[in-house]
């Protein structure tokens, strides 16, 4: 069991962040058969496996995979992100900026756990420009595998953060942690029973909390210097990706129209126009028009959160969706 010892100062400095590169790293390992989690969303599996085949021959991708063992991997290839606005360009820049001594140390540790006999992969790992070569390979993988789907996945992670920050405002960090998969709050610490044995003192620096799609149904963590203490957990609602999306209830679609029915059903958690457009694959302008109609009908209300306007169902909207699904 891994335990993070946290103080009031740690909680004061704890924050949420997003990591596109961690998602890519997890997806590549699933496609390569190196992850404990073997499944992909049914609608994506064939397309992603086809796109991965050329990458499997890429020496940089083989080198990245060579550094993974069942419970360990190179932290510098998916470093903890800085915040909620993190982009893949930010992540790749961090990989390229990794000090060579740190990269060499992690590479040697990984190869000691799982020796590599792939000559092409070893040539990349022994190159003085190893960080740049690996980052270039990951950038190719990003565009081939995940770039098109990332807006939808980002929305899932953002909505998880929105839910947990609302809980934080209502009941503090205990409420924000409530329901966090495979993570428990006990005796002034945060425990993750599924991970390796150890205790980490956060020392006032705070925890980094990163929702993820492809870590589902598990959990991951960064617990060793120089990386910040980080917990990566399955975002709320991510399980729906692994289930075929049902059509909107026919009665609801007949009443308000199919597009507006999909919007009402998607608003089980508050969301912005942009988030809804990405989730549903619709034009933001069309989504905004439908939201305005549902707002005037009393099925939605809205509130500002920072720079975003978030829509949510009213009790009348909840009742309509619930009744139509019976």
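Where a number appears in this text, it was derived from the coordinates with a stated rule and is not lab data. All values derive from a computational prediction rather than experimental measurement. We place every Cβ from the backbone using ideal geometry, glycine too, and count neighbours over all the protein chains shown.
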Next item on the list: Report, to the nearest 10°, how far helix 20-31 tilts away from the longest principal axis of the Cα atoms in the chain, using its own Cα long axis and a range of 0 to 90°.
Entry: 80 degrees
Next item on the list: Quick one: compute a quarter of the convex hull surface over the Cα atoms of the range 107-191 and quote it in nm².
Entry: 9.3 nm²
Checklist line | Normalised per residue, the volume of the convex hull around the Cα set of the range 246-324 (Å³) | finding: 84 Å³
Item checked: Computed over the chain, the ratio Rg/Rh where both radii use C-alpha atoms and Rh is Kirkwood -> 1.00
Notebook entry, point to check: Based on DSSP H runs of at least 4 residues, each adding -39500 (n - 2.57), what is the mean residue ellipticity at 222 nm of the chain after dividing by all its residues, to the nearest 500 deg cm²/dmol?
Noted result: -15000 deg cm²/dmol
Next item on the list: Please give the helix 315-324 orientation as an angle from the longest Cα principal axis of the chain, in degrees from 0 to 90, rounded to the nearest 10.
Entry: 90 degrees
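Among the DSSP beta bridges whose two residues both lie in the chain, what percent are antiparallel, rounded to the nearest 5?
65 percent
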Next item on the list: Within the range 257-281, which residues have the backbone N less than 18 Å from the label spot 7 Å out from residue 318 along Cα→beta-carbon, could you tell me?
Entry: 264-271
Notebook entry, point to check: If each residue's Cβ is checked for other Cβ atoms within 10 Å, how do 194, 71 rank with the fewest at the top?
Noted result: 71, 194
Next item on the list: Taking only Cα atoms and a 10 Å spring cutoff, compute GNM fluctuations for the chain and point out the largest among 161, 219, 293.
Entry: 293
Note to self: Can you tell me what percent of all Cα-Cα pairs in the range 21-149 are more than 26 Å apart?
What the structure shows: 16 percent
Item checked: Estimated distance in nm for a label pair at residue 47 and residue 89, the labels positioned 7 Å out from Cα along Cα-to-Cβ -> 2.4 nm
Notebook entry, point to check: Tell me, what is the FRET efficiency for residue 126 and residue 5 to the nearest 0.05, using R0 = 41 angstrom and their Cβ-Cβ distance as r?
Noted result: 0.60
Note to self: Please arrange 22, 16 by how many other C-beta atoms lie within 10 Å of their C-beta, fewest to most.
What the structure shows: 16, 22
